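Bear in mind that the values in this text are calculations on the coordinates, not laboratory data. Just so it is clear, the structure is predicted and the values come from calculations on it, not from any experiment. Here the Cβ is made from the backbone with ideal geometry for all residues, glycine too, and neighbour counts use every protein chain on show.
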Amino acid sequence: WFAFQYRPDTPEAPATLSTTILPTYGVMFRNRFGTPDEVALLFRAGINWSHWDTDAGNVILYGKGAPLSPGTGYQYYYGPASENEQIYHNRVKVGARNQQEVFGRIDDAITDYGFGPAADYAVNSRFYPSQLFKDAKGAMSWNRHVLFLKGASDYAVMRDTFPNGAGRPTWWTWMN
């Protein structure tokens, strides 16, 4: 089947890739594309319909062609999963460290963004329904702000906010 997809007569159309919104998936932050020193940060924030693993807010950092911080702790894991292994992304857990995520129809949208020559910014918002928690404190949201500073050295700055967090505990995980 793939043999029919090969079309050597199609001319090459090289393009310079830069920071962009990936509709329904999130944002790909980029600097120095096409060089050995390219830096990229994939920010997962989109509509998770049918996405079995709700890794909303997850980030994967790339430098010099390799993932510096993988998007999942299971990248090299081969054993059985257990209920206590609920934290497996570069993200925040809310309510309880092993809180089961809502699977299925989860909306997690980029709510604001701006891209420029020296800095790129995006923020997502994720809604948590009150039924997810046993504390009767109501619904809440989690917002992840990402600032990608571009220059001779690149920096990624993240800030997590919890509007209507109702004092629930949170755990921040970074896989390296």
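Numbers at a glance
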| quantity | calculated |
| --- | --- |
| Over the range 124-176, equivalent-ellipsoid semi-axes from the Cα gyration tensor in Å | 30, 11, 8 |
| Straight-distance crosslink candidates among lysines, where the alpha carbon sits under 20 Å from K64 and sequence neighbours closer than 8 are dropped | K150 |
| Lysines with Cα under 19 Å of K134, excluding same-chain neighbours fewer than 8 positions away | K93 |
| Selection of chymotrypsin sites (Phe, Trp or Tyr not before Pro), the range 93-176, meeting DSSP coil and at most 13 other Cβ within 10 Å | F103, W174 |
